[in-house]
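Data first, discussion second: the structure below is written as structure tokens.
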Amino acid sequence: MEVIKLSEPYQVSQIPQGDCVLALGFFDGVHLGHQKVIKTAKKKATDLGMKLAVMTFDRQPKLMYQTNPKPPRYLTLLKRKLALFEQLGADIAYVVTFNEALVPMKPQEFVDKYMVGLHAKVIVAGQDYTYGKKELANMDTLAGYARNRFEIIAVKHLIQNGSEYKIGSTTIRKAIDAGQIDEANQLLGYQYQTQGVVVHGFARGRTIGFPTINLEGNKEQRLPAPGVYATKVEIDDQTYLGMASVGYNETFGDDFDLTVEIYLLDFKQDVYGKVATVSWYHWLRPMVKFDSVTELVTQLKADEQATREYFA
């Protein structure tokens, strides 16, 4: 897959020759609803003998319209998002920098530059996709801006278990923030993943028989709610079972920062400085402040058994 980064005003020479089917969206999470959009575009591209291009932004566009935006916490950082695009069959991924030049852009100019300008003969997006103020720049008004230059396919929402709300990034974020990782994985269509570099911690786990790896991740990466989880961890192309603790080390004191510590089962290696990819499979229990280290060790042994049984 070819990755092309565009920044307004982009150079026309950056755009590959040849017509394409273009899938549009921010695609945070690349969940089942997003996958439906991209798979619909892929089938259309195959039928027409064209390349599939997927376009996303480098940040959530709404951040540029807020005076004091909160720091974003994404379901998928860009590297992970692009890997999922490639798995879904994208030939080209456009990553557009949402800068100050895009903020005032009118819908017609956006369509001309970022749809027609990318040689799109078919535009595929979710039914709620917008490219400006939603009352002016939505999938219903797109035909007027298109001027018969491309076909439009609006993909309907996927509905969860027949309920009234759609499968969307907001729903998944709420599930992850509540520790409901099993539900989040169902909506994503894969196990939720985060990455971090293995760094030195306080080494307390080593003294009680449960040595852990401590992960330092990107602050824009969304972590599951505090709790203990059954996970799989990939380091140097090797995968290990692990029980991950997301919390504040309450048993050892107050005012610690939120940390991710993982006890890897049947593992004895020095991996400091390595990148670890964590796949979050199952919520085991909430965080608890134990009255003694002995109580903590007893619970950790139970957590280890629960992790083994889950994966068995």
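The values are calculated or read from the model by the stated rules, or taken from the named source; none is laboratory data. Everything quoted here is computed from the prediction, not taken from an experiment. Glycine gets a Cβ as well: all are built from the backbone with ideal geometry, and neighbour counts include every protein chain shown.
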Filter the range 272-302 down to the residues that are hydrophobic (A, V, I, L, M, F, W, C) and in a helix (DSSP H, G or I), then identify the one that is farthest from residue 75 (Cα to Cα).
-> 293
Out of all the residues in the range 212-240, which are out of contact with any Lys or Arg (no Cβ under 6 Å at 6 or more places or on another chain), more than 22 Å from residue 79 (Cβ to Cβ) and of a type in the set (A, V, I, L, M)?
-> 225, 230
Identify the single condition in (1) modelled with pLDDT of 95 or more; (2) within 24 Å of the chain's Cα centre (by Cα); (3) in a helix (DSSP H, G or I) that residue 125 does not satisfy, given that it satisfies every other one.
-> (3)
Strands (runs of 3 or more DSSP E) enclosed by the range 143-222 - at least 3 residues per element that are of a type outside the set (Asp, Glu) and modelled with pLDDT of 95 or more | 151-155, 192-199
Going through (1) of a type in the set (S, T, N, Q); (2) within 14 Å of residue 232 (Cα to Cα); (3) modelled with pLDDT under 90 one by one, residue 294 fails only at (2)
Among (1) surrounded by 14 or more Cβ atoms within 10 Å (Cβ to Cβ); (2) of a type outside the set (Asp, Glu); (3) more than 20 Å from residue 194 (Cα to Cα) - the single one residue 243 does not satisfy | (3)
For residue 234, indicate whether it is modelled with pLDDT of 95 or more, out of contact with any helix residue (DSSP H, G or I) (no Cβ under 8 Å at 6 or more places or on another chain) and surrounded by fewer than 16 Cβ atoms within 10 Å (Cβ to Cβ).
-> yes
Expected output for the range 294-310 (first residue in contact (Cβ under 8 Å) with a residue 40 or more places away in the chain, partner in a helix (DSSP H, G or I), Cβ below 7 Å, 6+ apart or cross-chain) is 296/251
